[in-house]
Ligand code: ASP
């Protein structure tokens, strides 16, 4: 039988009503065999995620504060779910064990991981599926990186024993037996790892939106959603701030050629976004796949006569950046000028010293700095075949009365990046979107 791995995010498992919805989705397709849950997320806007509550318990313990009352709030979230589902399941010993372990310095990651562990137990009971503790199947190496080989072997063999199972997301085990988590949002990564180990045909990632939108809905009103996107396009868009999926979640499935389908638990009838390795299919109507952007960039422009003839100039400049551990985000160049776009927060930490080093070692005619830039990436695999895309982007921006401060087109023609002043950011994104979608 075909295997699908399904991961449900925290908002999809925040309360009993969502648990019911999740069970319905799983039962609707028998190939949805392995389930990866997050910890209960927010039920309403100002609610607190269970993971954040667990981190807080850890901090309180460290500060020698009493966690009794606060931990009870966590217990209540689980008790409420169990009660409202009408489950015969006494989770109080487990909760007591977790509380004691937090009190006895079992570590920050251990505390955080219990959100998924407990939620996974409840979900397994509710679905009638076996529970596989991630602690026994997901491994990290001594240096803290994920141990892909060992995990694949052990997890792959374990999954073969069960037709269905629930495997909690977010954590695994270090060689010394302690619990370690991935970074925040890491259940997405677990889902991908399980899909890889199960040799799944599809990894469905269920969340609270119907996939990726072509642009940020806080900027563009009701943007179209993206039907199909390649891993590379997604990487470009997420680098620029589009967040739905944890960035590292692509790697395990990407290597195995397993597509990811982002779906909406609250609207299971929507097809969501399909993330694939490559596709011939593209949206001819729109040409572009998506637009994303970020504020908070600075540019450093170095001017020097005859720069183009000075062998090794770029290397010297990049050496200085490396010494000050500053990443060059983009490097648009002219004949006698070279600009470096950097993250403003990182730049501020080293600014004065680094500029002094540039004066000393590059002997430039001028160094000009500018803060307050926003970068906008227009991404699309179809751009390579469509003439005039760059022209359309630039004229849309200028028609909106926005001044373009920088242009950078990757040689892959997968994206075109423009820099504008932060104050113009939203206007420019909206203008580009409506140039391509009407
Ligand atoms: N519960 C964890 C977090 O809030 C992991 C996850 O939801 O993916 O970051």
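If contacts are Cα pairs under 8 angstrom and at least 6 residues apart, what is the relative contact order of the chain in percent?
Worked out over the chain, it gives 13 percent.
Dividing the convex hull volume of the alpha carbon atoms of the range 175-237 by its residue count, what do you get in Å³ per residue?
Value for the range 175-237: 145 Å³ per residue.
So what's the angle, to the nearest 10 degrees on a 0 to 90 scale, between helix 148-160 and the longest Cα principal axis of the chain?
The angle comes out near 40 degrees.
With each pseudo-label sitting 7 Å past Cα toward Cβ, what's the residue 266-residue 97 distance in nm, one decimal?
Between residue 266 and residue 97, the simple spin-label model gives 3.5 nm.
What's the angle, to the nearest 10 degrees (0 to 90), between helix 425-436's Cα axis and the longest principal axis of the chain?
Its long axis makes an angle of about 90 degrees.
Just to confirm the number: angle between the C-alpha axis of helix 50-62 and the first principal axis of the chain, 0 to 90 degrees, nearest 10?
90 degrees
Can you order the peptides 390-399, 221-230 by their average number of other Cβ atoms within 10 Å per residue, highest first?
Top to bottom by mean Cβ count within 10 Å: 221-230, 390-399.
Compute the semi-axes of the equivalent ellipsoid of the range 136-252, taking the square root of 5 times each eigenvalue of the Cα gyration tensor, and list them largest first in whole Å.
Semi-axes (√(5λ), whole Å): 30, 16, 12.
Please give the contour-minus-distance gain from residue 355 to residue 281: 0.36 nm per residue of separation, less the Cα-Cα distance, rounded to one decimal in nm.
21.9 nm
Calculate, in nm to one decimal, what residue 42 and residue 385 gain on full extension: separation in residues at 0.36 nm each, minus their alpha carbon distance.
Full-extension gain reported as 119.1 nm.
Need one word for the range 66-175: rounded, prolate or oblate. Basis is the Cα gyration tensor (sqrt eigenvalues a ≥ b ≥ c); a/c below 1.5 gives rounded, then a/b vs b/c decides.
Verdict is oblate for the range 66-175.
Residue 136 to residue 336: extension gain in nm, 0.36 nm per residue of separation minus the Cα-Cα distance?
Taking residue 136 through residue 336 to full extension adds about 66.1 nm, to one decimal.
Applying 1/(1 + (r/R0)^6) with R0 = 41 Å to the Cβ-Cβ distance of residue 65 and residue 89, what FRET efficiency is obtained, to the nearest 0.05?
My answer for the efficiency is 0.85.
Pull up the DSSP beta bridges for the chain and report the antiparallel fraction as a percent, rounded to 5.
Bridges in the chain are about 65 percent antiparallel.
Over the chain, with a Gaussian network built from C-alpha contacts below 10 Å, which listed residue (385, 409, 21) shows the highest mean-square fluctuation?
Among 385, 409, 21, the largest mean-square fluctuation in the Gaussian network model of the chain belongs to 385.
For the peptides 35-44, 59-68, what is the packing order when you average, over each peptide's residues, the other Cβ atoms within 10 Å and list the highest mean first?
Ranked by mean Cβ neighbours within 10 Å, highest first: 35-44, 59-68.
Based on the inverse mean of 1/r over its pairs of different Cα atoms, what is the Kirkwood hydrodynamic radius of the range 1-156, in Å?
When all Cα pairs of the range 1-156 are included, the Kirkwood radius is 16.7 Å.
Ranked from highest to lowest mean number of other Cβ atoms within 10 Å per residue, what is the order of the peptides 350-356, 200-206?
200-206, 350-356
For the chain, what is the Kirkwood hydrodynamic radius in Å, using each pair of distinct C-alpha atoms?
24.1 Å
If you take the C-alpha gyration tensor of the range 59-121, multiply each eigenvalue by 5 and take the square root, what semi-axes do you get, largest first, in whole Å?
Semi-axis lengths for the range 59-121 are 23, 12, 9 Å.
Measuring from label point to label point, each 7 Å out along Cα→Cβ, what is the residue 153 to residue 346 span in nm?
So the two model labels end up 3.7 nm from each other.
Restricting to DSSP H runs of at least four residues, report the calculated mean residue ellipticity at 222 nm for the chain, -39500 (n - 2.57) per run over all residues, nearest 500 deg cm²/dmol.
About -12000 deg cm²/dmol.
Need one number: convex hull volume per residue for the range 244-290, Cα atoms only, in Å³.
Hull volume over Cα atoms, normalised by residue count, gives 113 Å³.
Rule-based calculations on the coordinates, nothing more; no lab input. The structure presented is a predicted model; accordingly, all values stated were derived computationally and were not measured. All Cβ positions, even for glycine, are placed from backbone atoms using ideal geometry, and neighbour counts span all protein chains on display.
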